[in-house]
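What follows is one structure encoded as structure tokens, with my remarks underneath.
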Amino acid sequence: MTQLAHVSAARVPAAEAKLPQLGKTGTYRRILEEALMLFAQTGYHGTSVRDIASAVGIQIAALYVHFPSKGHVLAELCRIGHEEHQRALRTALLDAGSSPADQLAALVRAHVRLHAEYAMLATVANYELHALPDELAGATMALRRQSEALLIEVCERGEAQKKFTTPDVVITAAAIGAMGMRVAQWYRADLGKTIDEIANVHAELALRMFGAR
């Protein structure tokens with residue numbers, strides 16, 4: 001078994017419950033950090049409100065001061081993850097110029113970097129989202145659709161300009177997105193590759209998948 005195959009067997013190789021900068025700090029942030037760690041380790045359904053409160057070192061009643069339910073904690077983590085992802089994509093797109101190939105490469109690099117830098121958050125935000133009812137998942141799903149639309153628009157424009165050629169734009173874009181998401185499951189700092197190196201390889205693969213000219 002190769003080193004990469006061994007790493008891939010782990011659900012979340014990242015050990016750090018890393019979150020982007022938030023407007024709130026203190027107990028609010030600690031609840032999110034500890035919940036993120038627990039959701040990553042045992043899943044949403046395997047984690048109780050008592051587990052989260054105990055990890056933070058507070059009473060359950062104190063947790064409810066900040067979040068009405070366990071579902072609201074997960075919903076906030078999902079929203080934060082998808083919001084940070086979309087921010088990274090939009091920034092990359094603005095800096096990429098007008099070429100569809102350059103824009104596609106920039107989007108893929110940003111997508112991969114986010115999933116490597118925030119591996120635990122990305123895994124929970126992507127794979128535990130299904131546990132939420134529609135009323136709690138709505139904000140995150142809207143962000144996800146907007147981010148998907150950014151990639152599809154670039155790909156369709158490249159196809160229309162005869163810069164890309166692929167059997168199916170949407171399916172190819174979905175494959176590229178899924179490939180980047182998997183980085184959160186196998187990336188580890190000791191693999192001997194930097195995040196930028198990994199992001200560049202993914203960008204090159206995406207351009208080849210679209211037959212970029």
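The values are calculated or read from the model by the stated rules, or taken from the named source; none is laboratory data. On a predicted model such as this, the values are computed, not experimentally measured, just so you know. Virtual Cβ from ideal backbone geometry, glycine too; neighbours counted across all protein chains shown. Surface areas here come from the heavy atoms of the whole protein model, side chains and all, with no ligands, DNA or RNA. Shrake-Rupley method; radii C 1.70, N 1.55, O 1.52, S 1.80 Å.
E76 - would you say it is in contact with a Pro (Cβ under 6 Å, 6 or more places away or on another chain) and open to solvent by 10 Å² or more (accessible area, probe 1.4 Å)? Answer is no for this residue.
Checking the conditions here, which among Q41, Q59 is of a type in the set (S, T, N, Q) and within 18 Å of the chain's Cα centre (by Cα)?
Values: Q59 fails: within 18 Å of the chain's Cα centre (by Cα).
Exactly one of Q41, Q59 is of a type in the set (S, T, N, Q) and within 18 Å of the chain's Cα centre (by Cα), namely Q41.
Of the helices (runs of 4 or more DSSP H) contained entirely in the range 107-213, those carrying at least 2 residues that are over 25 Å from H45 (Cα atoms) and of a type outside the set (A, V, I, L, M) fall at 134-160, 169-181, 195-209. Hey, does the range 79-89 have a residue that's surrounded by 18 or more Cβ atoms within 10 Å (Cβ to Cβ) and not in a helix (DSSP H, G or I)? Within the range 79-89, not a single residue is surrounded by 18 or more Cβ atoms within 10 Å (Cβ to Cβ) and not in a helix (DSSP H, G or I). Cβ-Cβ distances below 7 Å connect the following pairs, each with a first residue in the range 24-38 that is closer than 12 Å to M120 by Cα and assigned to a helix (DSSP H, G or I), a second residue that is of a type in the set (A, V, I, L, M, F, W, C) and open to solvent by 30 Å² or more (accessible area, probe 1.4 Å), and a separation of six or more residues or different chains: E34/A55; L38/A55. The set of residues in the range 110-128 that are over 19 Å from E34 (Cβ atoms), touching an Asp or Glu at 6+ places or on another chain (Cβ under 9 Å) and buried (at least 23 other Cβ atoms within 10 Å of the Cβ) contains only L114.
Would you point out the residue of the range 66-99, among those that are among the β-branched types (V, I, T) and in contact (Cβ under 8 Å) with a residue 24 or more places away in the chain, that is farthest from A203 (Cα to Cα)? Walk me through how you get there before you give the answer.
Of the range 66-99, the ones among the β-branched types (V, I, T) are 73, 80, 91.
Within this subset, residues satisfying the condition of being in contact (Cβ under 8 Å) with a residue 24 or more places away in the chain are 73, 80.
Details: V73: 33, I80: 25 Å.
Restricting to residues being among the β-branched types (V, I, T) and in contact (Cβ under 8 Å) with a residue 24 or more places away in the chain, the top hit is V73.
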